[in-house]
Amino acid sequence: MKLIKLKLGSFRNLKNLELAPGRKFNVFYGNNGQGKTNLLESIYLLATMKSFKQAKNAELITFGADFSLVKGVVERDRVQREISVLLEKQGKKAKIDSKLATRLADFFGNLNVVLFTPEEISMVRGGPDLRRRYLDRAVFTCDLDYLSAFHDYAKILKNRNALLKSNETSGIEVWTEKLLESALVVIARRRAYLAEIGALLQRFYSEISGNDETVQIEYRLHGVDEQAFLNHPLRALGAALKARAAEERHRGSTAVGPHRDDLYFGLNGRPAKHFASQGQQRCFVLALKMAEIEFISNCFDAPPVLLLDDMTSELDRQRNLNLMEFLRKREMQVFITTTSLQNVALEGTENDRTFRISEGTILN
């Protein structure tokens with residue numbers, strides 16, 4: 001899977017840009033605030049129809065412009081297709097080979113990407129919402145039905161919360177039953193993904209870190225007895241909700257479910273959140289992304305495109321060398337942003353291209 005061409009019109013500070021990336025390493029360098037991250041954001045948008053910065057449409061459109069257009073030619077299994085996303089303040093429109101994509105399932109999968117930004121390091125020590133967001137995005141990439149299951153759960157949760165906020169007890173049992181059934185689907189698919197990547201996470205952490213430390217990743221239910229859940233999931237979730245009924249009425253929100261669950265990141269048998277150094281945290285999250293890459297590669301029989309936003313400056317020299325060696329071994333396209341080429345260990349790499357970005361323009 002490769003991005004062959006990229007064309008941007010009025011996207012953030014990249015007013016008009018055309019690019020023919022290399023098929024392996026593409027390094028974009030320049031001072032901060034010149035548009036390097038915006039370029040990666042446009043590629044991410046082309047793959048997912050979302051901004052990884054959680055930005056609204058109006059924020060993505062160049063100031064003074066009415067709309068923005070992100071267009072690319074992608075190659076998969078030696079077949080090229082043109083995909084595009086038109087951004088208007090009131091919404092988005094996606095096209096495949098100039099035809100409107102009426103179903104999300106038709107659009108997704110033409111370009112798969114895995115993103116790593118320095119901000120994602122906070123996934124280790126930050127709140128559970130960051131870890132849930134990572135997990136849901138990773139599951140959805142290979143399981144398009146998961147998006148529907150996730151949205152169904154979110155709608156049911158919203159309706160149940162509305163009853164709790166209004167202190168309306170009539171009908172709450174019906175929504176509770178629906179919530180439990182939908183929650184089990186979401187939890188099962190999340191756990192299935194984690195079961196697939198556990199061994200991969202350990203392997204890649206060892207490769208990048210260069211040591212024999214052990215890492216773990218586990219799904220943690222919020223407010224639910226784990227053993228009881230393993231024995232009888234539906235009954236355990238129902239019991240947990242019943243036990244928190246008074247709290248729910250007081251707070252006006254559902255206290256138990258996938259929207260409250262978390263991921264446990266472990267290092268050498270202890271919580272990485274409390275015992276991992278900054279370097280170990282970076283290594284952990286990067287290994288998590290490498291595991292995601294391997295998983296997607298197996299799903300689609302083709303590796304995704306990797307987006308690394310100023311990540312190399314966050315690693316020490318040895319881990320940087322280990323990362324580049326890891327990437328050299330794989331037939332995948334990589335986009336890297338950095339403030340200086342000295343931050344990227346390109347020695348010995350083949351098929352690499354470098355581009356300098358200044359004030360939203362590619363100069364070479």
| said: Please go through the stretch 111-133 and give me each residue that is in contact with a helix residue (DSSP H, G or I) (Cβ under 7 Å, 6 or more places away or on another chain), without any contact (Cβ under 8 Å) to a residue 24 or more places away in the chain and either under 30 Å from VAL73 (Cβ atoms) or among the polar types (S, T, N, Q) (or both), ordered by number. | reply: SER122
| query | Can you name the residue in the stretch 176-229 that is in a helix (DSSP H, G or I) and among the hydroxyl-bearing types (Ser, Thr, Tyr) and, of all such residues, is surrounded by the most Cβ atoms within 10 Å (Cβ to Cβ)? | reply | TYR205
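Quick check on this structure: which one of VAL70, VAL113 is at pLDDT 90 or above, more than 19 Å from the chain's Cα centre (by Cα) and of a type in the set (A, V, I, L, M)?
Details: VAL113 fails: more than 19 Å from the chain's Cα centre (by Cα).
Of VAL70, VAL113, the one residue that is at pLDDT 90 or above, more than 19 Å from the chain's Cα centre (by Cα) and of a type in the set (A, V, I, L, M) is VAL70.
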| query | What pairs can you find where one residue is in the stretch 206-234 and touching a residue at least 24 places away in the same chain (Cβ under 8 Å) and closer than 20 Å to SER182 by Cα, the other is surrounded by 13 or more Cβ atoms within 10 Å (Cβ to Cβ) and among the hydroxyl-bearing types (Ser, Thr, Tyr), and their Cβ atoms are less than 7 Å apart, with a gap of 6+ or different chains? | reply | ARG220/TYR264
| said: Checking the condition surrounded by 13 or more Cβ atoms within 10 Å (Cβ to Cβ) and of a type in the set (Asp, Glu), which residue from ASP145, ASP129, ASP136 passes? | reply: ASP136
| Residue count, the stretch 260-270 (criterion: buried (at least 18 other Cβ atoms within 10 Å of the Cβ) and outside any strand (DSSP E or B)) | 1
| query | Looking at ASN13, ASN38, which is the one that is in contact (Cβ under 8 Å) with a residue 12 or more places away in the chain and touching a Leu at 6+ places or on another chain (Cβ under 8 Å)? | reply | ASN38
| field | Residue list for the stretch 271-288, filter: surrounded by 20 or more Cβ atoms within 10 Å (Cβ to Cβ) and basic (Lys, Arg) | value | ARG282
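Hey, which of the strands (runs of 3 or more DSSP E) in the stretch 1-51, taking only ones fully inside, have at least 3 residues that are touching a helix residue (DSSP H, G or I) at 6+ places or on another chain (Cβ under 7 Å) and either modelled with pLDDT under 90 or surrounded by 18 or more Cβ atoms within 10 Å (Cβ to Cβ) (or both)?
Details: elements: 2-11, 14-19, 25-29.
Output list reads 2-11, 25-29.
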| message | Looking only at the stretch 262-300, filter to residues that are hydroxyl-bearing (Ser, Thr, Tyr) and over 27 Å from VAL224 (Cβ atoms); which one of those is farthest from the chain's Cα centre (by Cα)? | response | SER277
| Out of all the residues in the stretch 84-100, which are in contact (Cβ under 8 Å) with a residue 12 or more places away in the chain and either surrounded by fewer than 18 Cβ atoms within 10 Å (Cβ to Cβ) or in contact with a Lys or Arg (Cβ under 7 Å, 6 or more places away or on another chain) (or both)? | SER84, VAL85, LEU86, GLU88, LYS89, GLN90, GLY91, LYS92, LYS95, ILE96, ASP97, SER98
| Are any residues in the stretch 232-259 under 21 Å from LYS165 (Cβ atoms) and either of a type in the set (Asp, Glu) or loosely packed, with under 13 Cβ neighbours inside 10 Å (or both), and if so, which ones? | LYS242, ALA246, GLU247, GLU248, HIS250
| remark: When the stretch 308-364 is checked residue by residue, the ones that are modelled with pLDDT of 80 or more, in a loop (DSSP other than H, G, I, E, B) and crowded, with 16+ Cβ neighbours inside 10 Å are ASP310, MET332, GLN333, GLY360
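Do the conditions hold for PHE295, that is, is it of a type in the set (Phe, Trp, Tyr), buried (at least 16 other Cβ atoms within 10 Å of the Cβ) and either outside any helix (DSSP H, G or I) or in contact with a Ser or Thr (Cβ under 7 Å, 6 or more places away or on another chain) (or both)? Explain how you work it out, then say what you get.
Values: of a type in the set (Phe, Trp, Tyr): yes; buried (at least 16 other Cβ atoms within 10 Å of the Cβ): yes; either outside any helix (DSSP H, G or I) or in contact with a Ser or Thr (Cβ under 7 Å, 6 or more places away or on another chain) (or both): no.
Answer is no for this residue.
The values are calculated or read from the model by the stated rules, or taken from the named source; none is laboratory data. This is a predicted model, so every value here is computed, not measured. Note: ideal-geometry Cβ built from the backbone for every residue, glycine included; neighbour counts use all protein chains shown.
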